[in-house]
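First the structure, in the form of structure tokens, and then the observations on it.
Please treat every number below as a calculation from the coordinates, not as lab data. Not measured: the values here are computed from a predicted model. Backbone-built Cβ (ideal geometry, glycine too); neighbour counts: all protein chains shown.
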């Protein structure tokens, strides 16, 4: 009897379980868009955006460090001294130039004008004082080629003093 009971239980189990079993072909699907193509372009755009953002961040960080190093170099005692010295030299040069333009040592005339020329870092400043006007010509040079010319004409009259007696005084 025990054998029949076991057989009955097994047969009943097989009948019950056997009816619910179905089979089909095994199909593997990749979930990554790189493999299956679904939303693939969006996936590539996301990767591209991440790479570009990272490269931009690195470039920005490098530029910030370079700017900081440049600021630190500009704030050294030596840099401050050089800037101050350059400023004073240019100020003295401008003063000497203006004194030469309005030179009182001689009386400029159209026949005997007072002239001068300065070569300043490869650029040429020329002036001619003919007693009526002062013509200042500035030539900008780069690698032996003249880039531009600027001419300034200053009417003298009584401006800056008189070379001869002014109106009888």
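Where the convex hull is taken over the Cα atoms of region 35-74, what is its projected area averaged over directions, in nm²?
Taking a quarter of the hull surface, the average projection is 2.7 nm².
Where does region 77-155 land on Rg(C-alpha)/(2.2 N^0.38 Å)?
In units of the 2.2 N^0.38 Å rule of thumb, it is 1.32.
I'd like to compare 62-74, 112-124, 129-141: which one has the highest average count of other Cβ atoms within 10 Å, and what's the full order after that?
Listed from highest to lowest mean packing, they are 129-141, 112-124, 62-74.
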